[in-house]
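Read the figures in this text as sums done on the coordinates, not as results from a lab. If you're wondering where the values come from, they're calculated on a predicted model, not measured in any experiment. Counting neighbours? That spans all protein chains shown, and the Cβs are built from the backbone with ideal geometry, glycine included.
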Amino acid sequence: MKTLINICLAGLLLTGAGSCKKYTDLDIENPNRKDESNFWKTGEDALQGINAVYGNFYRNGSPGSRWTPFYFDIRSDDGYSTSPWNELRSVGALNITQYSFEVNYDTWWHHYRGVYRSNQVISNVPSIAMDENLKKRYVAEAKFLRAVYYYNLVTIWGNIPLILEPSLPADKPAQSSPEQVWTQIEKDLAEAATDLPATYTGEEIGRATKGAAYALLGRAHLQQKEYQQAADALEWLISGEGQSLYDLMPNYADNFMHTTENNKESVFEIQFKMRAENSGEDGPTSNVGTSRSPFFAPPGHGFNDANMRRWVVAEFLKEETAAGGRDPRLAVTALYDSTDERGPDFTQVYGGSFTSKNYNEDITKRVWYRKYLNDYFRLNEFEVFNGPINFRLIRFADVLLMYAEALNGLGQTGDAYQYVDRVRVRAGLRPLSVAMPGMTQAQFLKQLEHERIMELTGESLRWNDLARWGYFDDNNKLAELKARDPEFENFELGRNKYMPIPQTEIDINPNLVQNQGW
């Protein structure tokens, strides 16, 4: 599907070829201009409509692109920002004061742009005379994608407008409760799973599948601690009809490179493709790459806006592999002075040794997120702002760990071990059932926190993990975060669990109320 998102709609309309001459007293309407009055008529219109929803992913504030990792990784206890841009740094520091600055606003409206485009498909495609199977599939894809956007919106802002029809300029939607949004996410995903295919072939690969819908449904239920419903949804991929479609890749690093995309561990990937810079917006030549990596790369090779906390490295080093070595996931996850365990002289940083970079003493203690960096084939992230690495929104390893958490939540701790074992054994560690048998339900959940750090750090899951485990609602747990990340001294219970809604939105919509404490 690398070419799929190259064709997309700009908001409501798709501008066709043709021109007209404008005079002072005469404005001749272009008969070739596409708008809502003459679009949504054919199967080709439906295809372009659903492609436009995927096409929204390359925007800076959309899932998997430039800004969302700052909300889910850098804002968490495993990350922080050293950006010279004060407003961006304030997201991770939990002390934002400019609610409408570019990052907060772009993330809000680029997500709602995805919702809007999804709503267009869901509302308009059913009335088109076209192949019925394709019609059902396109609508199901749109429901899945709408759920992706709403999942982020409800976990970042909590109290948000729930918009289910194409918006009009005069609309001023009120907010819905998080519970209402979760209910709609579950409804969209359950309906999508019914009509989505299990697999695709050729250039259709990368579209939403039945497995993706069930996995995201399981994630949504788990986030609400609805353990039975989460287990039921995730089971489809693990022991149900989809079990033959998914497995762990032997090489962990294959999950974060553009040369091994859409593999058997991938449940859903956001497709990115490197194109020339400044190649337009919402058209066949649009820049459809991700601009994440320049902001996450170390100085000299990127803007150095995002950093990983050193305690994450220490967490990896708590345990050896069965052969007595270091967990191989560390070198994939973290770029620091000893990414190569032989030390700075051997650790490669964009083609040179860590030592050769002449970093000062302070920076030698620093760690950068390595996942999704282009350092394995580029010497500099400043070269272009459109990396080709697909963002793995859902991996099968995460499905296994979520399923184990759901079973443990149901009191089936003994049955949950085997799914953690699969993840650990891939990394060369001893099975948990051998290393730590007989844990209680509480002990197993605490161990899962460790397992998810080792497997999933840097994949925009940490913030919601912490929220699900109650760290944002309990002073004792909050104290643990403060011990790992001093920025959590700025965290206030009842306020920082959600971000402030952009003030510009509140200024133009009297039906919006700012989140508590902001």
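When +1 charges are put on Lys and Arg Cβ atoms and -1 charges on Asp and Glu Cβ atoms, the dipole computed for the range 294-369 relative to its Cα centre reaches about 100 debye. Distance from the Cα centroid of the range 311-375 to that of the range 488-518 is 37 Å (rounded to whole angstrom). First check a/c for the range 184-239, with a ≥ b ≥ c the square roots of the eigenvalues of its C-alpha gyration tensor; if it is under 1.5, answer rounded, and if not, answer prolate when a/b is larger than b/c or oblate otherwise. Cα axes put the range 184-239 in the prolate bin.
Using alpha carbons only, how many degrees (0 to 90, rounded to 10) separate the axis of helix 178-195 from the longest principal axis of the chain? Tilt relative to the chain: about 80 degrees. What's the local net charge at SER65, with K and R +1, D and E -1, over the other residues with C-beta under 12 Å away? Neighbour charge sum, excluding SER65 itself: +2.
When the P(r) of the range 46-124 is calculated, the portion above 20 Å amounts to 40% of the C-alpha pairs. When the alpha carbon coordinates of the chain are projected onto the principal axes, the ranges are 78, 51, 48 Å, largest first.
Shape call for the range 68-211 from the C-alpha gyration tensor, a ≥ b ≥ c root eigenvalues: rounded (a/c under 1.5), prolate (a/b greater than b/c) or oblate? Since a/c reaches 1.5 and a/b is larger than b/c, the shape of the range 68-211 is classed as prolate. Helix 396-409 and the longest principal axis of the C-alpha atoms of the chain enclose an angle of approximately 70°.
Against the empirical 2.2 N^0.38 Å (N residues), the range 195-330 has a Cα radius of gyration ratio of 1.33. If the chain linking ALA198 and GLU449 were pulled fully straight, counting 0.36 nm for each residue of separation and taking away their Cα-Cα distance, it would gain 87.3 nm.
Considering Cα pairs under 8 angstrom that are at least six residues apart, work out the relative contact order of the chain and quote it in whole percent.
So the answer I get is 18 percent.
When you restrict to C-alpha pairs under 8 Å that are six or more residues apart and normalise by the size of the range 294-369, the relative contact order lands at 32 percent. Give the shape of the range 316-379 as rounded, prolate or oblate, defined through the alpha-carbon gyration tensor: a ≥ b ≥ c are the square roots of its eigenvalues, a/c under 1.5 means rounded, and otherwise the shape is prolate if a/b is larger than b/c and oblate if not. Prolate is the answer for the range 316-379, as a/c is 1.5 or above and a/b outweighs b/c. For the chain, the longest principal axis of the C-alpha atoms and the axis of helix 413-426 are separated by about 90°.
Pairs of Cα atoms in the range 138-266 fall into 5 Å distance bins, from 0 up to the last occupied one, in shares of 2, 10, 18, 19, 20, 14, 9, 5, 2, 1, 0 percent.
Taking 0.36 nm per intervening residue step and subtracting the Cα-Cα distance, what contour gain separates ARG430 from GLU320 on full extension? Computed gain between ARG430 and GLU320 is 38.7 nm.
Each part reduced to its alpha carbon centroid, the range 176-195 and the range 81-99 end up 32 Å apart.
For GLU269, the residues whose modelled amide H falls within less than 5 Å of its own, excluding neighbours fewer than 5 places apart on the same chain, are LEU393. For ARG342 and GLN243, the FRET efficiency from 1/(1 + (r/R0)^6), where r spans their Cβ atoms and R0 equals 41 Å, is about 0.50. Taking 0.36 nm per residue of separation and subtracting the Cα-Cα distance, full extension of the segment from TRP85 to THR183 would add 31.5 nm. Evaluated on the range 353-487, the Kirkwood hydrodynamic radius is 17.7 Å, with distances taken between all distinct Cα atoms.
Under a Cβ-Cβ cut-off of 15 Å, what is the net charge of the residues other than GLY494 that fall near it, where Lys and Arg count +1 and Asp and Glu count -1? Counting the neighbours of GLY494, the net charge comes to 0.
State, as an integer percentage, the relative contact order of the range 347-420 based on alpha-carbon contacts under 8 Å between residues 6 or more apart.
With pairs under 8 Å counted, the relative contact order is 21 percent.
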